[in-house]
Each structure stands twice: as structure tokens, then as C-alpha cells.
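The values are calculated or read from the model by the stated rules, or taken from the named source; none is laboratory data. Computed from a predicted structure; not experimentally measured. Note that each Cβ is placed from the backbone with ideal geometry, even for glycine, and that neighbours are counted across all protein chains shown. Areas reflect the complete protein model, heavy atoms only, side chains present, ligands, DNA and RNA absent. Shrake-Rupley method; radii C 1.70, N 1.55, O 1.52, S 1.80 Å.
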Amino acid sequence: MDQLFAFLQHNWWLAFPLIGVAGGAARAWERGAKRRHERRLELIRARSGAIPQAPVEPRPEPTASALERTLAEHDATTARWLEYELDVAKMIAYPAMSDGRQDLTAAFLRAKRVADRMRPASADAKISAAELTAYQNAVTDYEVAFDVAEREARRVRDAGFTPSERKRLDTAQQLLSVAVDEAATPAERQLAYRRVREELDGLISLSDAAIDELERRVALELPATAARDEPAGSEAGPPSSATGSDEEGHRREPPMPPGPRDAPQQHSRP
């Protein structure tokens, strides 16, 4: 016993690691006791049939907000496509976007047709969760295919044309700026428009909608909504016989009634 006390007296520092080991062992025993207690409780509940069933997560049902969001994404991609389909300047700058012979453009057009075919009639349409998921996937494919085709068209630009054809495209782009220039005369705009059609003939196929839009811009017509909002007697219609504007935009005064207009210019009439 004296030897033990002597050993502890000279090696008192060993108490610290021993205390740590003892504390770890105590915590391990406590965790084990807790697990054993939980297992006993589970066994008791199993024997009594009181084990609760795991909660089943409800399947998400199609909501109006999800469908509206997908319809909006569909419309946004279509609007981006129409910028190339209706804007002749963009068609000249990026001709691959209107060429269905290009692989990426053809893939985009196929994805568009699939999305359009699966599109519900309205945001209030009653569709199942599976139908909503299929439509969402179709719209995603449509958007991705358009992005890929657009990036490729902007990369290659007019690389698929010969030097003489590229020169014709440049000429058509310059003439187009004259055809839609409000400062040009109607005759100049019409001549430039005909030249644009001639230069693009055989190079780029313009859709009927693109031609209609270009002709409207050449004629400087107002959009339908602006024409409806234009007040009566505006420049949308011909000037009246009483008032109007001359060729330089100055307002013409209505004719004065017969009689003297001012004192120095009085004339007698028989």
C-alpha cells in the first residue's frame, strides 16, 4: 500500500488522462443505455401494435400557379422566336434561325411543335399531375433547343454563304434601313423595299408574316392598337377641308369668310 501511495505521489499527473478515459467510458455507457431503452420501448409498442406508420408524403397536385408559370415560359420562348421570324433585319443577320435545313434549327422547330401540341387550352384547364409534368418537360426542351439554335446561329452568322451572297446580304441590310426610315420619302422607301426583296430572293425565304410586318413598316402604318387609340381628325385620316398641314408640317389656317380680313387690305366687291 505504501508503494502505491508513493507511486501516486510521484506520478500524480496520470490522474488527468485517467479522468478523461473514465469520462469517455461513462458517456459511452450512457449512450448504450439510451439505445437499449429505446429498443425496449419499440419492442413493447410492437407487441401492442402501437407502432405508428411512417407518414406518406402527398403527391403534389397540379396547381394553377404551376400551370400559369409554365404557360408564361412557353409564351416567352415563342416571343423570342417571333423576333427572328418577323424581323427581316434579324433574319438577314442570323439566317440560320430561319433555315429549317440546319440541324439545330430543325431540332428546335420539332421541340416547338411538341410543346405546342401538349399546351393546355388555358390556365384553368383541368389536367393531371402526369400531364402537367409532361408539358413542363416539353416546354423545357423547347426552351433549351431554342437557346442552342440561337447560340449557333449567332456564332456562324452568314458563314454558310458564298462571298457574292454575303455581299447581297449586306446590300439588303443597307437597303432595309432606308426602307423603314421615316425620314425617307414614300417613293424612296418603296424602291428600297423592292430592292431588298430582289437581293434576298434565293438566299432567305421570308415568311408571309415577315412580309406583312415589313410592308407595314415601309408604309409607316400605325399598329392596330395605336390606330384605335388615335383621336378623330389625327394624322391617321385625311385632313379636313377646313384645317390641315402643308408638306412641311405647318398648320394651315381655315379660309376666312368673304369680307375684309384686316384694315390695310380692304377691297370692295360688286
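Key figures
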quantity: Failed condition for VAL139, given (1) modelled with pLDDT under 95; (2) buried (at least 19 other Cβ atoms within 10 Å of the Cβ); calculated: (1)
quantity: Some residue of the range 155-178 being in a helix (DSSP H, G or I), open to solvent by less than 60 Å² (accessible area, probe 1.4 Å) and under 25 Å from ALA76 (Cα atoms); calculated: yes
quantity: Output for the range 98-113, where each listed residue is in a helix (DSSP H, G or I) and in contact with a helix residue (DSSP H, G or I) (Cβ under 6 Å, 6 or more places away or on another chain); calculated: SER98, LEU104, THR105, ALA107, PHE108, ALA111, LYS112
quantity: Pairs where the first residue, in the range 74-103, is closer than 30 Å to LEU132 by Cβ and the second is part of a loop (DSSP other than H, G, I, E, B) and modelled with pLDDT of 90 or more, C-beta under 9 Å, 6+ apart; calculated: HIS74/ARG119; TYR84/TYR94
quantity: Checking PRO186 against (1) at pLDDT 90 or above; (2) under 30 Å from THR162 (Cβ atoms), the condition it does not meet; calculated: (2)
quantity: Count of residues meeting criterion [surrounded by fewer than 14 Cβ atoms within 10 Å (Cβ to Cβ) and part of a helix (DSSP H, G or I)] in the range 119-133; calculated: 2
quantity: Flag if ASP103 is among the acidic types (Asp, Glu) and open to solvent by 80 Å² or more (accessible area, probe 1.4 Å); calculated: yes
quantity: Enumeration of residues in the range 181-203 that are open to solvent by 70 Å² or more (accessible area, probe 1.4 Å), in a helix (DSSP H, G or I) and not hydrophobic (A, V, I, L, M, F, W, C); calculated: PRO186, GLU188, GLN190, ARG194, ARG195, ARG197, GLU198
